[in-house]
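Structure record follows, encoded as structure tokens.
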Amino acid sequence: MAESVEKSEGAQKEFGALLSEVALDEAACITAVRGADVADVIRLFGGDPDRAVQRVLGEDLLEELFDGTDRETSPIAVAQAGPAVVVVEYNGFQGSREEVLRPLSRLGGRAASAYWNDDALSQLALAEDGRVLSAFEMLFPDERHGTAPGAWDAYLGGLSFGAGSDWQAAGAAAVARATGARLDEEWASAPQLYVEIEEVPSALLPQALEDSPLLAEEPFRSFRADLGPGAVPEMERYGVELAARHLGLADDALCTLALAVLDGCGPPEGRSGLRAELAARAAADEGAAGRGAGCGGPAAGRAAVWQTLGDLLAREDGAPVAGPPPMFHLSRAMTDGRRSPEADRFWLLHALHRAACEG
């Protein structure tokens, strides 16, 4: 057992040295697809294989990204590495997206990716046959999601994740183990197919929500049937109601009045006073949140609800609304770690709202 652990630790160090050698140690995404064709992989990343040129991984290639060209996505470098096709993105993350990883996993049955950036955001993901089995942030390896969160366990033995470890190297090693990709000196020095890509469009819903039974219920059925910018105001009105229920504000007289006014009830001459009262409540709860531990908690959530109610009323009145959009505030209110029927509905609504705004 001790010998096995030492071997894994040595492999992790080797991967760390390899990543540094090809300038992938700071911000990158490495994706490997077992049993796939290189051209098919390029296409699923949004590239054209016929437009690929040959490049070698390293600092020179990294510097090409900062040549002044206006790009929405980083180019990809693609090469066969043993039984797997490996895709490298300098300062990119497309291989971490469900919209890319899930189709890739249908090519040969399995795909995996490790993504990290210079802000310590990361993801290690494993997909098979079109489904993301397991994914997690490499600084928090015990917090996993997917259809089979434990699916990574078979490939992580002896690898160290979390703060204080070379978790980027561990992620690359895990991708190699899961797909059989030979990430070695031969791969690192070999010519790669280098090609510009266009971002693959976002899915209507993420995997975790696409089979939700709530989609058959109202108002989600109607939102989905007529998904576009015209549905956004009604979605935001429903979102603030869900947040109010989640935070125990549904029976608050001010909240009840504001929701009724948004529904067209109440005298129009009282709207400006109502907005002022909502602003005062938001400021009071923001102050309470600032005095609390972590500058958050229920008070911050309540402040976000009051702020959103005021913003929605102001928008209806044609008044200027500064700051982030309503769903930003509501997401803040709902990100409290508590599971509730309202939270389940809100996150489905949040995904449909994003799609409506893009539509």
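Just name one of F45, P233, G323: the one whose Cα is farthest towards the positive end of the charge dipole of the chain (beta-carbon charges, Lys/Arg +1, Asp/Glu -1).
The one lying farthest along the dipole's positive direction is P233.
Is there a quick way to get the dipole size of segment 1-100? I mean about its Cα centre, with the Cβ of Lys and Arg at +1 and of Asp and Glu at -1; what is the value in debye to the nearest 20?
Values: 8 positive and 21 negative charges, 72 e Å.
That gives a dipole near 340 debye.
Work out how far the C-alpha atoms of segment 163-260 reach from end to end along every principal axis, then list the three figures in whole Å, largest first.
Here the Cα extents, ordered largest to smallest, are 68, 37, 25 Å.
Relative to the longest principal Cα axis of the chain, at what angle does helix 341-358 sit, 0 to 90 degrees, rounded to 10?
That works out to roughly 70 degrees.
Leaving ligands, DNA and RNA out of it, report the carbon-plus-sulfur percent of the accessible area of segment 202-306 at a 1.4 Å probe. Let's see the in-between values first.
On the way: 2930 of 5190 Å².
Exposed carbon and sulfur together represent 56 percent of the surface.
Can you give the percent of C-alpha pairs in the chain whose distance is more than 40 Å? Intermediate values should be presented prior to the final figure.
Numbers: 18022 of 64261 pairs.
Counting pairs separated by more than 40 Å, the tail of P(r) holds 28 percent.
What percent do you get for the relative contact order of the chain when only Cα pairs under 8 Å and 6+ apart count? Walk me through the numbers on the way to the answer.
On the way: 597 pairs, mean separation 63.0, N = 359.
With pairs under 8 Å counted, the relative contact order is 18 percent.
Quick one: angle between helix 2-21 and the longest Cα principal axis of the chain, in degrees between 0 and 90, rounded to 10, please.
On a 0 to 90 degree scale, this one is about 80.
Give, to the nearest whole percent, the P(r) tail of segment 185-225 beyond 11 angstrom, counting all Cα pairs. Write out the running numbers ahead of the final one.
On the way: 632 of 820 pairs.
Above the 11 Å cut-off, segment 185-225 has 77 percent of its Cα pairs.
Which three semi-axes in whole Å describe the equivalent ellipsoid of segment 30-182, each the square root of 5 times a Cα gyration tensor eigenvalue, listed largest first? Provide the component values of the computation, followed by the final result.
Details: eigenvalues 115, 70, 36 Å².
Rounded to whole Å, the semi-axes are 24, 19, 13.
Stokes-Einstein at 20 °C, 1.002 mPa s, Kirkwood radius from Cα pairs: D for segment 212-359 in µm² s⁻¹?
Numbers: Rh = 15.7 Å.
Value of D from the Cα-based Kirkwood radius: 137 µm²/s.
Taking the Cα centre as origin and putting +1 on Lys and Arg beta-carbons and -1 on Asp and Glu beta-carbons, what dipole magnitude results for segment 206-330, to the nearest 20 debye?
With only Lys, Arg, Asp and Glu charged at Cβ, the dipole is about 360 debye.
With a cap of 13 neighbouring Cβ atoms within 10 Å, and only residues DSSP puts in a loop, list the trypsin sites (Lys or Arg not before Pro) found in segment 70-135.
Numbers: sites: R71, R97, R106, R110, R131; in loops: R71, R97.
Qualifying residues, ordered by number: R71.
With every protein chain left in place, what is the accessible area per residue of segment 98-233 in square angstrom, probe 1.4 Å? Walk me through the numbers on the way to the answer.
Working: 6150 Å² over 136 residues.
That works out to 45 Å² for each residue.
DSSP loop GluC sites (Glu not before Pro) in segment 35-143 with at most 13 other Cβ atoms within 10 Å of their Cβ, which ones? If you can, show how the numbers build up before the last one.
Working: sites: E59, E63, E64, E72, E89, E98, E99, E128, E137, E143; in loops: E72, E137, E143.
Within segment 35-143, the qualifying GluC sites (Glu not before Pro) (loop, at most 13 other Cβ atoms within 10 Å) are E72, E143.
In segment 297-359, what trypsin sites (Lys or Arg not before Pro) fall in a loop by DSSP, with at most 13 other Cβ atoms inside 10 Å? If you can, show how the numbers build up before the last one.
Working: sites: R302, R315, R332, R338, R339, R345, R354; in loops: R338, R339.
Answer in residue order: R338, R339.
Show me the ranking of peptides 317-330, 186-199 by mean Cβ neighbours inside 10 Å, starting with the highest. Working shown, then result.
Numbers: 317-330: 14.6, 186-199: 17.1.
For the peptides 317-330, 186-199, the packing ranking is 186-199, 317-330.
Would you work out the charge dipole size for the chain about its Cα centre, treating the Cβ of every Lys and Arg as +1 and the Cβ of every Asp and Glu as -1, and quote it to the nearest 20 debye?
I would put it at about 1040 debye.
Taking the Cα centre of segment 15-109 as the origin and placing charges on Cβ (Lys, Arg +1; Asp, Glu -1), which of S105, I30, Y90 is farthest toward the positive end of the dipole?
Going by the Cα projections, it comes out as S105.
The values are calculated or read from the model by the stated rules, or taken from the named source; none is laboratory data. Predicted model, so just to flag it, every value in this text is computed and none were measured. Reconstructed Cβ throughout: ideal geometry from the backbone, glycine too, with neighbour counts over all protein chains shown. Accessible surface is based on the protein model in full, side chains and every heavy atom, while ligands, DNA and RNA are left aside. Shrake-Rupley method; radii C 1.70, N 1.55, O 1.52, S 1.80 Å.
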